[in-house]
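Please read the structure below before turning to the comments.
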Amino acid sequence: MLIAGSRRPGLDRISIIDPSTEQVIGSVAKASAADLDEALAAAEAGFRFWKREATAKRAEVLIRAASLLRERIDEIATDLTREQGRVLAQSRLEIALCAETFEWFAGEALRNYGRILPARIAGARQMVVPEPIGPVVALTPWNFPALLAARKIAPAIAAGCSVILKPAEETPACAFALGQALLDAGLPKEVLSIVFGDPGQISSHLIDSAVIRKITFTGSVPVGKLLAAQAGRHAKPCTLELGGHAPVIVAEDADVAAAAAISAIGKTRNAGQVCTSPTRFYVQQRIRDEFVERFAANLNGITVGDGLDPSSDMGALANERRLLAMQDIVNDARSRGAEVVTGGNRIGNRGYFFQPTLLTSVAGDALAMQTEPFGPIAIVSTFDDLDEGIALANQSPVGLAGYAFTRSAGTAVRLQEELEVGMVGINSFAVSHTEAPFGGVKDSGYGYEGGLEGFAGYVHHKYVNHVGG
Ligand code: NAD
């Protein structure tokens, strides 16, 4: 743990497992209630002075931390791959994106403008003054353990908030490295604490504390709803980035070869453990066979192996839970009549490796259709006309990302308007950019990360009506 600048070993520790080898590679501290109280006291003290700190100083700290991350990228990315399993090139990209995120929000610190309103009474000054919302609790998962933390810490710190970060216990090192880079860059030690332990105990303790004014969480839908209910008891605002189950409409006018190739890369990125991962492919009837054949061939061409081996395209799943979930999803689909076109099995018997998998003829009530696989499993179904494709895409209770492949501008516009999701990619799966809002609708949560909208989640707008004096 890192509390008020001091590293704490904790009384109790949790083992960390390398998902490629199943070896224990380290351990992380478990916070006690006393540790959490110290982190709260630091956050309270830190907020008192950080909110008054010059914005130029806040920006300077973030920019310096970004260059430290770039200097340390080899070490941090290697740790990320060892803890999380994904291929090293993707870990390096994640750390580079953390640096970009720090820099982008450093800019926002300087552009955090208020407004002067036209005065209703002569001589009055009516102003809208942005203020940091207060001490923040940030709870982040293991799938992008550095970037998802950076997307919360950077706008909070830029706005003048203090933060208590609880990263996933399975992937502590890179979140810790972000904190270390910020402290080395001159962030006052009270402004950021990092704690690990029992997630339920930590979130309850921190959300219930009067010190905390904002909760931001990325993770599963059930946990998000639980945290929102806890926060609701205290009327505290939340940002919730929860799961997805992304639909992909492949229209008959699409470039089928390109769509199939991009889909295999998109589906296997981070072994499918991405909340925007493309999963439910709805393909127009006329091109269905060609798409399935090409998609399967492209998935078969993905080399699965240790993330540290440069010849691997896809690494291990991050933990044993995901491996078991993949096996359950495939067995359940098979038992309901699905065809496994390719994949469907664990690879080897050491490390959590699973084959890129394509299922067809999947029943509507199958697990694969009902829950986000959060792994390298894609489903192909068909539709006749666009109305049917849109209805199928929108039948999910979640709405994070949605995609379409088409060469028709008219179809693209219609899908952009009608897909019930927070982000739409047309002929592309890239929907997460530092400068753009990222957030879902329906059960996928509320609030944004990234862009001006992400920054706004950490700002309160105080209205001042100053008459006379
Ligand atoms: P989980 O729901 O147990 O945990 C998800 C995250 O929430 C973890 O980081 C965990 O430490 C934290 N968490 C769990 N209970 C908590 C609590 N009471 N208070 C605070 N934090 C808590 O799920 P999991 O097994 O890690 O993953 C299962 C599913 O969650 C995945 O299949 C996926 O659907 C979803 N998920 C989504 C994202 C995302 O980016 N939106 C990330 C990770 C997991």
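The values are calculated or read from the model by the stated rules, or taken from the named source; none is laboratory data. Please read these numbers as outputs of a predicted model, since none were measured by experiment. Methodologically, a virtual Cβ is constructed for each residue, glycine included, from the backbone with ideal geometry; neighbour enumeration extends over all protein chains shown.
Exactly one of (1) under 23 Å from Glu418 (Cα atoms); (2) touching a strand residue (DSSP E or B) at 6+ places or on another chain (Cβ under 7 Å) is unmet by Val256. Its number?
Of the numbered conditions (1) under 23 Å from Glu418 (Cα atoms); (2) touching a strand residue (DSSP E or B) at 6+ places or on another chain (Cβ under 7 Å), the odd one out for Val256 is (2).
So, in region 178-199, exactly how many residues are of a type in the set (Gly, Ala, Ser), under 20 Å from Leu97 (Cβ atoms) and surrounded by 19 or more Cβ atoms within 10 Å (Cβ to Cβ)?
2
Filter region 9-60 for residues that are assigned to a loop (DSSP other than H, G, I, E, B) and among the hydrophobic types (A, V, I, L, M, F, W, C); which is surrounded by the fewest Cβ atoms within 10 Å (Cβ to Cβ)?
So, considering only residues that are assigned to a loop (DSSP other than H, G, I, E, B) and among the hydrophobic types (A, V, I, L, M, F, W, C), the one surrounded by the fewest Cβ atoms within 10 Å (Cβ to Cβ) is Ala54.
I'd like the residue in region 59-98 that is out of contact with any Gly (no Cβ under 9 Å at 6 or more places or on another chain) and of a type in the set (S, T, N, Q) and, out of all such residues, is nearest to Pro356 (Cα to Cα).
Looking at residues that are out of contact with any Gly (no Cβ under 9 Å at 6 or more places or on another chain) and of a type in the set (S, T, N, Q), I get Thr78.
For residues in region 298-329 being charged (D, E, K, R) and over 18 Å from Pro145 (Cβ atoms), which is surrounded by the fewest Cβ atoms within 10 Å (Cβ to Cβ)? It would help to see each step written out before you state the result.
So the first thing to find is which residues in region 298-329 are charged (D, E, K, R), and the list is 306, 309, 313, 320-322, 328.
When the remaining residues are screened for being over 18 Å from Pro145 (Cβ atoms), the result is 306, 309, 313, 328.
Values: Asp306: 21, Asp309: 12, Asp313: 17, Asp328: 14.
Checking each candidate, the answer is Asp309.
Taking into account only those residues within region 73-128 that are among the β-branched types (Val, Ile, Thr) and touching a residue at least 40 places away in the same chain (Cβ under 8 Å), which is nearest to Asn319 (Cα to Cα)?
Thr81
Name the residue, out of Arg288, Arg322, Arg334, Arg294, that is under 21 Å from the mean Cα position of the chain (by Cα) and assigned to a helix (DSSP H, G or I). Please lay out each step first, then the result.
Working: Arg288 fails: under 21 Å from the mean Cα position of the chain (by Cα); Arg334 fails: under 21 Å from the mean Cα position of the chain (by Cα); Arg294 fails: under 21 Å from the mean Cα position of the chain (by Cα).
Residue meeting the stated conditions: Arg322.
Which is surrounded by 23 or more Cβ atoms within 10 Å (Cβ to Cβ) and more than 28 Å from Asn394 (Cβ to Cβ), of Phe295, Phe354?
Phe354
Please enumerate the residues belonging to region 275-292 that are surrounded by fewer than 24 Cβ atoms within 10 Å (Cβ to Cβ) and aliphatic (A, V, I, L, M).
Within region 275-292, Ile287, Val292 meet the criteria.
Does Ile25 count as more than 25 Å from Leu187 (Cβ to Cβ) and of a type in the set (Val, Ile, Thr)?
Yes; evaluated as a whole, the condition is true for this residue.
Can you say whether Leu69 is at pLDDT 95 or above, of a type in the set (A, V, I, L, M, F, W, C), within 15 Å of Gly186 (Cβ to Cβ) and touching a Cys at 6+ places or on another chain (Cβ under 9 Å), as far as the supplied structure shows?
Yes: the conditions hold for Leu69.
Considering only residues that are of a type in the set (D, E, K, R) and under 22 Å from Phe291 (Cα atoms), look in region 305-362 and name the one that is farthest from the ligand (Cβ to nearest atom).
Glu339
Which condition does Ile116 not pass, out of (1) assigned to a strand (DSSP E or B); (2) within 16 Å of the ligand (Cβ to nearest atom), if it passes all the others?
(2)
In region 420-469, which residue that is buried (at least 22 other Cβ atoms within 10 Å of the Cβ) and among the hydrophobic types (A, V, I, L, M, F, W, C) is farthest from Lys51 (Cα to Cα)?
Val421
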